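To start, the structure under review is shown below, and the notes come after it.
The values are calculated or read from the model by the stated rules, or taken from the named source; none is laboratory data. Bear in mind that the values here come from a model prediction, so they are computed numbers and not experimental data. So basically every Cβ, Gly included, is an ideal-geometry build from the backbone, and we count neighbours across all protein chains shown.
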Amino acid sequence: MAFPHLVLGLILLSVLCLASSFPLAWHITCFTKETDSPHVHQLFRKDVSKTPPIIASIFVDSTINTRFVSTTIKKEIVNSAKVSQDVTFRFQLPPDAFISDFMMIIDGIRYQAEVKPKEEAQKAFDEAREKGQNAGQVKQSDSVDSTTDEFEININVSPNTASVFHLQFQELLHRDKGVLQHMIYLSPGQVVENLEANIYIKEPQGFSSIDVTWEQEDGQTPAKQLEQDRPSDEVVHVNFAPSMEEQEMASDLGLNGHFNVVYDVIHDDGPGDIQIHNGYFVHHISPEGIPITRKNVIFVIDVSGSMSGNKLTQTKSALNTIIGEVRDFDMFSIIIFSDTIETWETSLVSATKAKKEKALKYIRSLNADGGTDLHGGLVKAVDMFETYGLESPSAFSMIIMLTDGVPTEGKTNRDEIVNDITEKIQNRIALFCLGFGSNVDDLLLERLAFNNQGVYKQISVNGDPSNELTGFYDEVASPLLFNIDIQYTSAAVDPATLTQSSFISYFQGKELVVSGKLNPSFTGNELLATVMANSLNDRVNWQLSKEVKDDVPVNETSPYVVADFAERLWAYLTIKDLLLQSRITMLESKREEFREKALNMSLHYRFVTPLTSLVIIQADNDSVLPFSGQRNDDGLAEFEDYIFKGGSNADCVKSSNQITCFCLTLAWVVLRLMYMHKNLLN
Ligand SMILES: [Mg+2]
């Protein structure tokens, strides 16, 4: 029996010697489309004038479970050339998604990336690079209005090998304009022999509409409707597996576009729906069928010199549409600021036809000139609200401010402006800030808006800014509820874990989401939610009772269920909120506290957030691996553990056959000698 093992050992020796002459080299980059350029690092450059690597398969699996999405992309790339070559795994991520896992199998070895604090990841990365090891890290952008991120890894792989990449990312879908939307981008750059996507959606409230399409991004091909399988009222499955011929029909380079999943659930006209899973709950509130409530709105418009030209023209065009859409039972006014402050009317006025026409005439007459007293404009607006009356409000009060720059007149210190305006507003008015162009003070506007229950939005000067402005107004034009407070059975919920549960407004087409951890010591069997809010004619008081038991069995594995979806949804919401709070707080000590909490949760839940990075480092010659190295097939696992994990010879001797072990050890010695020789040459 010894002979076959000797032969096996010699075959392995030959394979390993060949492999050692084409050692693994790889690099990882991740960059945002707009700002960074890919950093390329290569240790070994080879002649690649041979058959380029091809993508043999792509499998996309996306599960949406009660708005929480987990998407996994698996890609296999084959290098069939006789030389080592670079292969690239590239993927476009949705802007709100956190990467939650990345793994690759290169030359049969599994590399599991680790999530580390950003600084620690950078240090490990720098040290590895200094030692001549290959290393890569993946960072998430931290921009206010983040564009789509691109995840890219370039790796140099041995001849005649297949590499497998596995990327997972997760996000919570936000309801906007009455729909929930999920997009999965796919652009392999070639026709792929095995390409399959499966999208599984489970919504306990059932679907009021659902549309799943493939949209080829050539500006010509109409969106392709994908067939839906509906095993029950609350689940939908979509399978898309285009043949090579079908991919060729899309373009010479195959598919280049995205899956577009657009749906909505069935809404009630009251307190919504609660799901409970494994000790966590998630409450979605999105009542429909209730009347639009009144709003009092003041438009605060920057007419400083920098707004002259196209910006003022576009602003006038947008205001023309917006003022026309203000409902006749609403109240409104206009304040303009440059180095002085001017009011159109001394108070809020009813949006009658005559008043709106007068307002439009005033807007047409505006000219841009002078400095930028942003603080003065806002103070005037709050004063106007104070005079009009903010006590016992019968309408939702909001300020919409539009500016293109930084304050230059009046109060110009950023902290003083935010503190002063926030103190004046006292949570009674929602402040929405629109930043026009690229020279705006993002941080100032973000802090002003989010500290005052509004939203900050950047408006691009390119494209169609007038449409962007009116689109934004449409989102906030129809409040259904305001001054909303949601409470839960106090003994049932751990209060420290409750996400935001008070909101100044709920707009038509949106959704409020509250999540938290159930108190483990709670012995009752009912979670009672109470939703209190102002509506058009009265103060609503809705109650929702939910039995405290898992809606999905905890250990159920199903393509329709994201593992621990309620807990991960809670973690996602909490981290997003902590990151926002850390940016907008005016207290330095609080900022650190929020960042620390967000960091710890990102590490615990293995999310790549703006505070963490994915890091993956090639084994050094001392065989120390900061990540797990596992062979896919069992045949070489022991030997690779020995080489790559620094196993002892005793472990090897304990293995099932000592002759095989001897041959493998001999192969390892030869391999190490060749590496040393190469290092000496380098
Ligand atoms: Mg200006």
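Observations on the model:
- Within region 361-376, considering residues that are over 37 Å from the mean Cα position of the chain (by Cα) and surrounded by 15 or more Cβ atoms within 10 Å (Cβ to Cβ), the one farthest from the ligand (Cβ to nearest atom): Tyr362
- Which numbered condition Glu416 fails, given (1) within 28 Å of the chain's Cα centre (by Cα); (2) closer than 28 Å to Gly305 by Cβ: (1)
- Residue selected from region 391-410 under the condition surrounded by fewer than 18 Cβ atoms within 10 Å (Cβ to Cβ) and of a type in the set (Val, Ile, Thr), by the criterion modelled with the lowest pLDDT: Val406
- Yes/no for Asp273 being of a type in the set (D, E, K, R), within 16 Å of the ligand (Cβ to nearest atom) and modelled with pLDDT of 95 or more: no
- Subset of region 515-541 [within 32 Å of the chain's Cα centre (by Cα) and not polar (S, T, N, Q)]: Gly516, Lys517, Leu518, Pro520, Leu527, Leu528, Ala529, Val531, Met532, Ala533
- Here Asn427 meets each of (1) in contact with a strand residue (DSSP E or B) (Cβ under 8 Å, 6 or more places away or on another chain); (2) within 16 Å of the ligand (Cβ to nearest atom); (3) at pLDDT below 95; (4) not acidic (Asp, Glu) with one exception, condition (2).
- Pairs are defined by a Cβ separation below 6 Å, a sequence spacing of at least 6 or placement on different chains, a first member in region 461-480 that is under 19 Å from Phe332 (Cα atoms), and a second member that is polar (S, T, N, Q) and surrounded by fewer than 18 Cβ atoms within 10 Å (Cβ to Cβ); the pairs so defined are Thr470/Thr321.
Residue-by-condition table, conditions (1) farther than 18 Å from Arg428 by Cβ; (2) under 24 Å from the mean Cα position of the chain (by Cα); (3) in a strand (DSSP E or B):
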residue	(1), (2), (3)
Leu448	no, yes, no
Gln453	no, yes, no
Gln458	yes, yes, yes
Ser466	yes, no, no
Phe472	yes, yes, no
Glu475	yes, yes, no
Asn483	no, no, yes
Ile486	yes, no, yes
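- Considering Ile323, Ile336, the condition of being within 16 Å of the ligand (Cβ to nearest atom), in contact (Cβ under 8 Å) with a residue 24 or more places away in the chain and surrounded by 15 or more Cβ atoms within 10 Å (Cβ to Cβ) is satisfied by Ile336 alone.
- Taken together, the residues in region 377-406 that are β-branched (Val, Ile, Thr) and within 16 Å of the ligand (Cβ to nearest atom) amount to 2.
- With respect to the conditions (1) out of contact with any helix residue (DSSP H, G or I) (no Cβ under 9 Å at 6 or more places or on another chain); (2) in a loop (DSSP other than H, G, I, E, B); (3) within 21 Å of Leu580 (Cα to Cα), Glu423 lacks only one, and its number is (2).
- Among the residues of region 218-247, those identified as part of a strand (DSSP E or B), surrounded by 11 or more Cβ atoms within 10 Å (Cβ to Cβ) and of a type in the set (D, E, K, R) are Lys224, Arg230.
- In region 581-590, the residues that are free of Cβ contacts under 8 Å to residues at least 60 places away in the same chain, part of a helix (DSSP H, G or I) and over 16 Å from Thr609 (Cα atoms): Glu588, Ser589, Lys590
- Of all residues making up region 327-362, the number that are modelled with pLDDT under 95 and among the hydrophobic types (A, V, I, L, M, F, W, C): 1
- Matching residues, region 248-269, being under 26 Å from Ile54 (Cα atoms), surrounded by 14 or more Cβ atoms within 10 Å (Cβ to Cβ) and in contact with a Pro (Cβ under 9 Å, 6 or more places away or on another chain): Ala250, Gly254, Leu255, Asn256
- Going through (1) in a helix (DSSP H, G or I); (2) within 16 Å of the ligand (Cβ to nearest atom) one by one, Glu409 falls short only on (1).
- Region 339-360, residues that are free of Cβ contacts under 8 Å to residues at least 60 places away in the same chain and within 16 Å of the ligand (Cβ to nearest atom): Thr340, Ile341, Glu342
- Residue that is surrounded by the most Cβ atoms within 10 Å (Cβ to Cβ), among those in region 287-313 that are more than 11 Å from the ligand (Cβ to nearest atom) and of a type in the set (Ser, Thr, Tyr): Thr293
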